[in-house]
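Structure, as structure tokens:
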Amino acid sequence: MNAPDLFTSYWSNPALRKVDAVKVCISRGVPRWPLPFRYRRANLLAPSRETFALRSDEAFEREYLRGLDEAGAEKIAAILARIGNEEGGGPLVLLCWEKPGQVCHRRMFADWWTERNGQEVPELQRGCDQSRKRQEAQDMLF
């Protein structure tokens, strides 16, 4: 089963207001401020409580990726495809808290996903330097 086009972003990214994509929570918590959009949840992609409590970035990444491996790419693809299908079949934007450049599990997931499936998962940033194909796909979201 193929997953829809995937992007990642952070909860406070102002571009989320305009993007035509399904927003998907993959963080342990959600914002307490009013959001200008609806979102779905993919709890399997959020770090476990035990993983979240780890103090070193290396230990966190090792345990987070172990959890993804345990779940498996096929199961994760099925979850993402189901969310996409239930929401009309568009792209998904996977959301957590950290801003670009910070250590973040969404980018760990993106790299893991690309390694398993060959599907790139770019960070959603208006005007960022990406390949032409990815930029064209992202431009279609706005």
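Just the residues that are of a type outside the set (Gly, Ala, Ser), surrounded by 14 or more Cβ atoms within 10 Å (Cβ to Cβ) and in a loop (DSSP other than H, G, I, E, B), please, taken from the range 89-108. Show your work before the answer.
Kept after step one, since they are of a type outside the set (Gly, Ala, Ser), are these residues of the range 89-108: 91-100, 102-108.
Cutting the leftovers down to surrounded by 14 or more Cβ atoms within 10 Å (Cβ to Cβ) gives us 91-98, 100, 104-108.
PRO91, TRP97, GLU98, PRO100, CYS104, listed by residue number.
Out of the range 74-97, which residues are within 14 Å of CYS25 (Cβ to Cβ) and in contact with a strand residue (DSSP E or B) (Cβ under 7 Å, 6 or more places away or on another chain)?
The initial filter retains those residues of the range 74-97 that are within 14 Å of CYS25 (Cβ to Cβ), namely 79-80, 83, 87, 92-97.
Listed by number, the residues that qualify are LEU80, ILE83, GLU87, LEU92, VAL93, LEU94, LEU95, CYS96, TRP97.
Within the range 1-37, work out how many residues are of a type in the set (A, V, I, L, M, F, W, C) and either assigned to a loop (DSSP other than H, G, I, E, B) or without any contact (Cβ under 8 Å) to a residue 24 or more places away in the chain (or both).
Total meeting the criteria: 10.
Given the condition free of Cβ contacts under 8 Å to residues at least 60 places away in the same chain, out of contact with any Leu (no Cβ under 7 Å at 6 or more places or on another chain) and among the aromatic types (Phe, Trp, Tyr), answer yes or no: does some residue in the range 81-97 qualify?
Within the range 81-97 (the criterion being free of Cβ contacts under 8 Å to residues at least 60 places away in the same chain, out of contact with any Leu (no Cβ under 7 Å at 6 or more places or on another chain) and among the aromatic types (Phe, Trp, Tyr)), the answer is no, since none of the residues qualifies.
Residues of the range 1-24 being surrounded by 11 or more Cβ atoms within 10 Å (Cβ to Cβ) and closer than 18 Å to GLN102 by Cα, which ones?
Matches in the range 1-24: PHE7, THR8, SER9, TYR10, TRP11, SER12, ASN13.
Rule-based calculations on the coordinates, nothing more; no lab input. Only a predicted model underlies this, so the values are computations on that prediction, with no experimental measurement involved. Methodologically, a virtual Cβ is constructed for each residue, glycine included, from the backbone with ideal geometry; neighbour enumeration extends over all protein chains shown.
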